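Reading through the structure tokens given below for one structure.
The values are calculated or read from the model by the stated rules, or taken from the named source; none is laboratory data. Note that the structure is predicted; figures quoted are calculated from it, not measured. Ideal geometry is used to build each Cβ from the backbone, glycine not excepted, and the neighbour counts take in all protein chains shown.
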Amino acid sequence: MTLVRAAIAIALKDLRIEARNRTALLTAVTFAVLVQLVFLFAREPGAVRLGVLAPSVLWITLALSGLVVLNRGFLLEREHAALEAILLAPVPRSALFWGKWLANTALVAGVLAIAFPVWILFFNVVPQPALLGVLGLAVLAAVGFTAAGTLFAAMTARTRYAELLLPVLLLPFLIPPLFAGAQASVRLLAGRPFGELAGWLRILAAYDVVFLMLAALLFPTVVDE
Amino acid sequence: MTLSADAATRAIRRGRAITLVALLLLAGLYVLALQFTPAERFQGLAQKIFYVHPPAAYAMQLAFFLTGVASILYLLMRDARFDAFAEASAEVGMVLGGIVVLTGPIWGKPVWGTWWTWDARLTFTVIELLVFAGYFALRGAIRDPGERAKFAAVAGIMGMLLVPFNHLTVYLFATTHPTPVVVQTDRPQLPAAMLRTFLSGFAVFTVCYVGFVMQRYGIGVRRMLEEARDA
């Protein structure tokens, strides 16, 4: 159980830092709201109805603010060689992955907690029970892409172009969950029967399982000296 | 480190010879496709792309798959030769991918009526190319050869995992792409002359791949040796 305990300790450390200065959360939330505004202003109100645009905007917001959150996780450790200090701890290397992944997922969920209601407000989404399902889809997608993102961020943070490289590496891996999530949420909001969602849910679940396992497996190679 | 300048020179020389053969075979394939294979009744001449486009797509998949395999081997054995091979194969894959996305629209315009469509297989081919563009961006951003090889291997393995997703989508999503029509038993078969040319295409592109990769591998090894000398 040392793995789980070590992972939770690392995640709590990250979240505590975040709770003290709130830089990442504040930045990511502001960014998420701005992304939504960009879509609103880049739209010709007479030609594109808000309702048509709404699901796409939600998923793009999730992806882009997810990138902002993920970038932060390992850049934090670069100062004062903090990563080396963590690696000295007598815990499995994969604990660092699970800890970082947990913290990143929690932060993305935190961003969603604010960006989601804002999205409902801005895009005149009719409050309905199906929205809980959409939120669930967003979390399901976030679980998988933060796994790939945590792995990539650990690599890009050690290069000179971290902020530039992470989106380039990660965005292609966001496409399957984004695609499945957007398709499923459009059907959910239109009140389609569950059978039409099942295929997309399976893809999301498969993606989560595959990339969580793979990222956890590859991560120790990335941080080892 | 088991890199040697002699081996690099040998790989380049052999690769050059194989490439020469491959290019002659490619010219032969064009002659075979245009002169000795009947024209398709509905698609006419546009269908001739059929003898280049799918073979190039197959060779691209092969290239990216082998990059993934070499990446796994690198992480297991930490032999720089696997890194050099992974890089070479990925770069050849990019070129083959370029052929795929160039020949596709040329066929798509007369047959589908549009240059481009966001069809599943097309989309994921583009995604794959972007994944490996990221792979090269990552390589370019790291100075330390050991760290570069390690990180590139991780990215290569992740990229390879997107390939099965690619194939899956063709069957899962509505697609305008032809599903396999060549190897099937329950429906009318492809005429023998067309099948012969089609399969020749696959063979020719495999030889092209081998020739290109061997040369690029040799160049990669030389660069690594230069890098080690300058360091």
Out of A:Val125, A:Val91, A:Val134, I need the residue that is surrounded by 22 or more Cβ atoms within 10 Å (Cβ to Cβ) and either at pLDDT below 95 or not hydroxyl-bearing (Ser, Thr, Tyr) (or both). Which one? A:Val134
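Just give me the residues in region B:145-162 being more than 9 Å from chain A (Cβ to nearest Cβ) and more than 16 Å from the chain's Cα centre (by Cα), in sequence order.
Passing the criteria: B:Pro145, B:Gly146, B:Arg148, B:Ala149, B:Ala152.
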Only listed residue being buried (at least 16 other Cβ atoms within 10 Å of the Cβ) and either free of Cβ contacts under 8 Å to residues at least 60 places away in the same chain or not basic (Lys, Arg) (or both), chosen from A:Phe31, A:Phe41: A:Phe31
Checked region A:185-211 for anything within 11 Å of chain B (Cβ to nearest Cβ) and not small (Gly, Ala, Ser); matches are A:Trp200, A:Arg202, A:Ile203, A:Tyr207, A:Val210, A:Phe211
Some residue of region B:20-39 being within 21 Å of B:Arg222 (Cβ to Cβ) and part of a helix (DSSP H, G or I): yes
Check whether at least one residue in region B:34-46 is under 21 Å from the mean Cα position of the chain (by Cα) and closer than 23 Å to B:Val204 by Cβ, and report yes or no. no
Given the residues B:Leu73, B:Leu29, B:Leu45, which is the only one that is surrounded by fewer than 18 Cβ atoms within 10 Å (Cβ to Cβ) and touching a Phe, Trp or Tyr at 6+ places or on another chain (Cβ under 7 Å)? B:Leu73
Residues that are within 14 Å of chain A (Cβ to nearest Cβ) and more than 15 Å from the chain's Cα centre (by Cα), drawn from region B:90-120: B:Trp118, B:Asp119, B:Ala120
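I'd like the full set of residues that are touching an Asp or Glu at 6+ places or on another chain (Cβ under 9 Å) and within 17 Å of B:Arg216 (Cβ to Cβ), limited to region B:57-92.
If the condition is that a residue be touching an Asp or Glu at 6+ places or on another chain (Cβ under 9 Å) and within 17 Å of B:Arg216 (Cβ to Cβ), then B:Met60, B:Ala63, B:Phe64, B:Thr67, B:Ala70, B:Ser71, B:Tyr74 are the ones that fit.
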Looking only at region B:5-38, which residues are of a type in the set (Ser, Thr, Tyr) and in contact (Cβ under 8 Å) with a residue 12 or more places away in the chain? B:Thr9, B:Thr19, B:Thr37
State whether one or more residues within region B:12-22 are touching a Leu at 6+ places or on another chain (Cβ under 8 Å) and closer than 30 Å to B:Leu190 by Cβ. no
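The rows are residues; the columns are (1) aromatic (Phe, Trp, Tyr); (2) under 30 Å from A:Val52 (Cα atoms).
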{"site": "A:Glu77", "(1), (2)": "no, no"}
{"site": "A:Ala89", "(1), (2)": "no, no"}
{"site": "A:Ala95", "(1), (2)": "no, no"}
{"site": "A:Trp98", "(1), (2)": "yes, no"}
{"site": "A:Trp119", "(1), (2)": "yes, yes"}
{"site": "A:Val126", "(1), (2)": "no, yes"}
{"site": "A:Leu132", "(1), (2)": "no, yes"}
Within region A:72-85, residues being of a type outside the set (Asp, Glu), more than 23 Å from the chain's Cα centre (by Cα) and closer than 22 Å to A:Arg22 by Cβ number 2
Just to be sure before I move on: is A:Leu34 farther than 29 Å from A:Ala95 by Cβ, of a type in the set (A, V, I, L, M, F, W, C) and at pLDDT 95 or above in the structure I sent? yes
Which listed residue, of A:Ala82, A:Ala95, is under 17 Å from A:Val222 (Cβ atoms), part of a helix (DSSP H, G or I) and free of Cβ contacts under 8 Å to residues at least 12 places away in the same chain: A:Ala82
Scan region B:108-133 for residues that are outside any helix (DSSP H, G or I), within 30 Å of B:Gly68 (Cα to Cα) and touching a helix residue (DSSP H, G or I) at 6+ places or on another chain (Cβ under 8 Å) and jot them down. B:Trp116, B:Thr117
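To keep it simple, each residue is scored yes or no on (1) surrounded by 17 or more Cβ atoms within 10 Å (Cβ to Cβ); (2) within 23 Å of A:Pro172 (Cα to Cα).
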| site | (1), (2) |
| --- | --- |
| B:Ala84 | yes, no |
| B:Glu91 | yes, yes |
| B:Ile106 | no, no |
| B:Lys109 | no, no |
Result of the Cβ filter at 8 Å on region A:167-184, keeping first residues that are more than 9 Å from chain B (Cβ to nearest Cβ) and touching a residue at least 40 places away in the same chain (Cβ under 8 Å) and partners that are surrounded by fewer than 19 Cβ atoms within 10 Å (Cβ to Cβ) and of a type outside the set (A, V, I, L, M, F, W, C), at least 6 apart or interchain, is A:Ala182/A:Ser56
